[in-house]
Amino acid sequence: MKQCKHLAIIMDGNGRWAKAQGKKRTAGHLVGADNVRTIAIAANEMGIEYLTIYAFSTENWKRSQDEVEYLMKLPSYFFKKYMQEFIDRGFRIRMIGDLDELPKNTKKVLLEAEELSKDNTGLSLNIAMNYGSQREIVQAVNHYASDVLEGKATLGIDEDGFASYLYTKDFPPVDLMIRTSGEQRISNYLLWQIAYAELIFVQESWPEFTEDVLKRCLEEYTKRDRRFGGVKDE
Ligand code: IPE
Ligand code: IPE
Ligand code: MG
């Protein structure tokens with residue numbers, strides 16, 4: 001089976017899913033957070049090595065104060081409930097995003113999860129929190145420029161050199177990106193890293209995204225012909 005080493009997911013549709021059931025949008029975020037555990041375990045069992053999930057974008061601050069506050073408290077709920085299990089399963093938790101803008105306690109909880117799991121060698125569960133791809137790229141450019149000014153880098157880096165300035169420097173490129181809930185857009189997620197990723201958009205919202213749906217996506221991925229700009233069997 002064609003290997004999918006790095007799976008990225010845009011976990012979308014929590015709010016609409018909750019509303020459709022007469023609940024508040026935040027109820028969808030809670031079920032969505034629990035689903036991260038289910039899908040991380042399933043992905044690990046299906047041979048994924050890196051799972052990068054979009055939890056909060058640099059644009060999500062535009063939402064109501066209540067919703068933003070709720071989303072900022074979710075990591076604490078999530079890691080209290082599942083961190084021990086993640087450690088037992090050998091998962092390594094890593095963050096990508098601009099953590100400095102987060103409430104102090106949220107940032108602390110996220111860094112603790114990274115620290116507690118840093119020696120694990122199993123599934124790398126990467127959580128994009130206050131993540132925006134454009135910001136990531138601009139920060140990388142600024143960082144590189146200051147390295148040049150300080151004599152720590154020379155002018156003229158190549159693609160690999162540039163990638164080493166991104167949050168994702170330790171991850172392989174994304175093989176497959178899935179977005180749930182029917183939207184067909186990227187919403188500022190991993191723009192550089194998906195250069196040659198396969199894209200799958202599913203109708204199910206994130207709370208409805210089960211192990212079976214993941215399996216279906218990976219089967220579809222296996223059928224895709226990845227050419228990377230080359231030509232297949234002449
Ligand atoms: C995804 O679900 C979770 C976050 C963006 C935080 P949404 O909250 O975007 O749900 P919809 O798309 O409004 O239904
Ligand atoms: C993308 O979903 C961000 C996350 C899943 C965290 P959004 O719901 O914020 O994206 P748009 O606004 O529909 O593009
Ligand atoms: Mg959405």
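The values are calculated or read from the model by the stated rules, or taken from the named source; none is laboratory data. Given the structure is predicted, the values throughout are model-derived calculations rather than measurements. Here Cβ is always computed from backbone atoms with ideal geometry, including for glycine, and neighbour counts include all displayed protein chains. With ligands, DNA and RNA removed, areas are computed over all heavy atoms of the protein, side chains included. Shrake-Rupley method; radii C 1.70, N 1.55, O 1.52, S 1.80 Å.
Overview of results
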read-out: Leading residue by the ranking (farthest from ligand 2 (Cβ to nearest atom)) among those in the range 6-27 that are outside any helix (DSSP H, G or I), at negative phi and open to solvent by less than 80 Å² (accessible area, probe 1.4 Å); value: H6
read-out: Tally, over the range 165-206, of residues that are surrounded by 20 or more Cβ atoms within 10 Å (Cβ to Cβ), in a loop (DSSP other than H, G, I, E, B) and within 12 Å of ligand 2 (Cβ to nearest atom); value: 5
read-out: Hey, K118 modelled with pLDDT of 95 or more, more than 16 Å from ligand 1 (Cβ to nearest atom) and open to solvent by 70 Å² or more (accessible area, probe 1.4 Å) or not; value: yes
read-out: Residue that is nearest to R89 (Cα to Cα) [pool: residues in the range 46-60 that are touching a Ser or Thr at 6+ places or on another chain (Cβ under 8 Å) and within 14 Å of ligand 3 (Cβ to nearest atom)]; value: Y54
read-out: Any hit, the range 176-183, residues being basic (K, R) and under 15 Å from the mean Cα position of the chain (by Cα); value: yes
read-out: Pairs where the first residue, in the range 6-32, is near ligand 1 (Cβ under 6 Å from one of its atoms) and of a type in the set (D, E) and the second is modelled with pLDDT of 95 or more and open to solvent by less than 30 Å² (accessible area, probe 1.4 Å), C-beta under 7 Å, 6+ apart; value: D12/R179; D12/T180; D12/S181; D12/W206
read-out: Flag for K2 being open to solvent by 20 Å² or more (accessible area, probe 1.4 Å) and in contact (Cβ under 8 Å) with a residue 60 or more places away in the chain; value: yes
read-out: Candidates R63, R37, filtered to the one that is within 16 Å of R94 (Cα to Cα), surrounded by fewer than 18 Cβ atoms within 10 Å (Cβ to Cβ) and either without any contact (Cβ under 8 Å) to a residue 12 or more places away in the chain or away from ligand 3 (no atom under 15 Å from the Cβ) (or both); value: R37
read-out: Residue in the range 81-96 that is charged (D, E, K, R), within 16 Å of ligand 2 (Cβ to nearest atom), surrounded by fewer than 17 Cβ atoms within 10 Å (Cβ to Cβ) and in contact (Cβ under 8 Å) with a residue 24 or more places away in the chain present; value: no
read-out: Single residue of L123, L110, L99 found to be in contact with a Pro (Cβ under 7 Å, 6 or more places away or on another chain), touching a residue at least 24 places away in the same chain (Cβ under 8 Å) and closer than 20 Å to A8 by Cα; value: L110
read-out: Residues within the range 103-146 that are basic (K, R) and not in a helix (DSSP H, G or I), tallied; value: 1
